[in-house]
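In what follows, a structure is listed as structure tokens, so that the remarks can point back to it.
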Amino acid sequence: MTLDPSTLEADVRRLASPGLEGRKRGTRGSALAREHLLARLGGAGLAPLFGGSFEQPTFAGRGEAIRHGTNVGALWRSRDPGAGWIALLAHYDHLGVVRGRIRPGADDNASSVAILLSIADAMGRARPALRNHIAFLFPDAEEPPAIRTDRMGSSWFWRHPPFPIERLRCAIVLDLMGGIADPSLAAAGLGSLLFVFGAEASPGLAALALGAGAEPGVEPLRLGLPLIETYPYLPGRRFSVSDYHALRPFGRPFLFLSTGRSSRYHTAQDTADAIDYAGLAARARWCAGLALLAAQGRRELGWADGVADPLADARATGRLLRALGDGNRFPGMLRRALLADRRRVEAILARLEAGGSAEPAEYRALQLACVRAQAAMWHPSGWWFGLW
């Protein structure tokens, strides 16, 4: 199955164009984005996901009586009508206009939408015979204030799926796939990183992530969900960060893929001109291989929420901290905190590699170090990230 990379930039530029005004839920820009998705999915030759429709209205409020948003979805059918299914997700909404400036949302999340559309195109051309159905879902209402609530379009979808939820083999959620790498990561040779979250939840998911194969320009790096869902001042609590949120209570497996936040995240600078299109094409090819592998599987993948792989997390966090270098571009308080984190993580990693186990306090330190590294890459001037 061969992807056409030429569609990626065209789709990102359309969805992040000024005329769509940031695609905020319920706006004219959101409706125009849906028109584009419907045209692209219809042209790819996929079937409607929701009975006879590519659109799924979502509702909120008391008794779910208030129309809230509109999901878009298409289906590639297995030859077996009673087969299982996998779901590929990329939300299409963004922030709209904030304080008079358009938030274009090229990386967040037109980049991911473009990847799924390119995979849909390729399937329409190749017409593969698959063991499981593939649902392509473009949820509405992922952005604040809906995030982590029942008002998310994906929350509605998981409560009203097109197939029985127990037959869901796995979901693959894409968010922020544009690869706008922090300069220090690129200089350290880590600009091709693709973070793979959730593989720690079961050996089956880990094998799936590893089985997607090598793709030039893509370095999958496993990182545990606890390292992106923790908050410094709320120990013991976790906060989902994308459209897998409402799937968790059902106990079905998922992987979350992202190249991570950049300094352009949720700003007017998140434009189509900033996307790494060569990298986006490579990530699209890798994701297509992952989707096909998942769609051909037979065995239950398994899911155990809340688990962690301290050794893999320490290795990944150590790589990120080393890539930040001496920290001279950060304010003093943050620089000192990052250097202290690096020493602490290196000590934890040495003990784990020698066969030791991570104590709860050590893993909490690892979580906070990883969150601080992410925050520094996202907002390099944020001295206050050195406070915890």
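The values are calculated or read from the model by the stated rules, or taken from the named source; none is laboratory data. These numbers were taken from a predicted model, which means no experiment stands behind them. No Cβ is skipped: glycine too gets one built from the backbone with ideal geometry, and neighbour counts run over all protein chains shown.
Overview of results
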{"item": "Some residue of the range 238-255 being in a loop (DSSP other than H, G, I, E, B) and more than 18 Å from the chain's Cα centre (by Cα)", "result": "yes"}
{"item": "Members of the range 32-54 found to be closer than 26 Å to Ile102 by Cα and touching a Leu at 6+ places or on another chain (Cβ under 9 Å), listed by number", "result": "Leu32, Ala33, His36, Leu37, Arg40"}
{"item": "Subset tally (residues that are among the small types (Gly, Ala, Ser), within 29 Å of Ala212 (Cβ to Cβ) and within 23 Å of the chain's Cα centre (by Cα)) for the range 1-43", "result": "4"}
{"item": "Residue within the range 26-40 that is within 27 Å of Arg167 (Cα to Cα) and either modelled with pLDDT of 95 or more or of a type in the set (A, V, I, L, M, F, W, C) (or both) present", "result": "yes"}
{"item": "Matching residues, the range 131-167, being among the aliphatic types (A, V, I, L, M) and either surrounded by 21 or more Cβ atoms within 10 Å (Cβ to Cβ) or in contact with a Gly (Cβ under 7 Å, 6 or more places away or on another chain) (or both)", "result": "Ile134, Ala135, Leu137, Ala141, Ala146, Met152"}
{"item": "Cβ-Cβ under 7 Å pairs, at least 6 apart or on other chains, the range 28-44 side farther than 16 Å from Asn109 by Cα, far side at pLDDT 95 or above and among the hydrophobic types (A, V, I, L, M, F, W, C)", "result": "Leu38/Phe54; Leu38/Val72; Arg40/Leu117; Leu41/Phe54; Leu41/Ala74; Leu41/Ala120; Ala44/Ala120"}
{"item": "The range 299-322 residues that are surrounded by 21 or more Cβ atoms within 10 Å (Cβ to Cβ), paired with ones that are of a type in the set (S, T, N, Q) and outside any loop (DSSP other than H, G, I, E, B) (beta carbon under 8 Å, 6 or more apart)", "result": "Leu320/Gln374"}
{"item": "Residue within the range 231-238 that is in contact with a Phe, Trp or Tyr (Cβ under 8 Å, 6 or more places away or on another chain) and crowded, with 16+ Cβ neighbours inside 10 Å present", "result": "no"}
{"item": "Extreme residue, farthest from Ala361 (Cα to Cα), among residues of the range 323-337 that are without any contact (Cβ under 8 Å) to a residue 60 or more places away in the chain and crowded, with 21+ Cβ neighbours inside 10 Å", "result": "Phe330"}
{"item": "Strands (runs of 3 or more DSSP E) wholly inside the range 21-111 containing at least 2 residues that are touching a Pro at 6+ places or on another chain (Cβ under 8 Å) and either surrounded by fewer than 14 Cβ atoms within 10 Å (Cβ to Cβ) or not aliphatic (A, V, I, L, M) (or both)", "result": "66-76"}
{"item": "Meets criteria (touching a helix residue (DSSP H, G or I) at 6+ places or on another chain (Cβ under 9 Å), in contact (Cβ under 8 Å) with a residue 24 or more places away in the chain and within 30 Å of Gly43 (Cα to Cα)) for Phe197", "result": "no"}
{"item": "Residues of the range 177-205 classified as of a type in the set (Gly, Ala, Ser), surrounded by fewer than 21 Cβ atoms within 10 Å (Cβ to Cβ) and farther than 19 Å from Arg319 by Cβ, total", "result": "2"}
{"item": "Positions within the range 221-237 being assigned to a loop (DSSP other than H, G, I, E, B) and more than 23 Å from Gly386 (Cβ to Cβ), in sequence order", "result": "Gly224, Leu225"}
{"item": "Lone qualifier among Leu255, Leu292 - being buried (at least 19 other Cβ atoms within 10 Å of the Cβ), in the same structural domain as Ala171 (by TED's automatic domain parsing) and in contact with a strand residue (DSSP E or B) (Cβ under 8 Å, 6 or more places away or on another chain)", "result": "Leu255"}
{"item": "Residues located in the range 124-140, provided they are out of contact with any helix residue (DSSP H, G or I) (no Cβ under 7 Å at 6 or more places or on another chain) and assigned to a helix (DSSP H, G or I)", "result": "Arg125, Ala126"}
{"item": "Options Ile66, Ile119, Ile102, Ile86; residue that is over 18 Å from the mean Cα position of the chain (by Cα) and more than 19 Å from Arg261 (Cα to Cα)", "result": "Ile66"}
{"item": "Helices (runs of 4 or more DSSP H) within the range 306-387 that include 3 or more residues within 27 Å of the chain's Cα centre (by Cα), more than 21 Å from Tyr233 (Cα to Cα) and among the charged types (D, E, K, R)", "result": "310-323"}
{"item": "Failed criterion for Asp270 (all others in (1) surrounded by 22 or more Cβ atoms within 10 Å (Cβ to Cβ); (2) touching a strand residue (DSSP E or B) at 6+ places or on another chain (Cβ under 8 Å); (3) in a helix (DSSP H, G or I) hold)", "result": "(3)"}
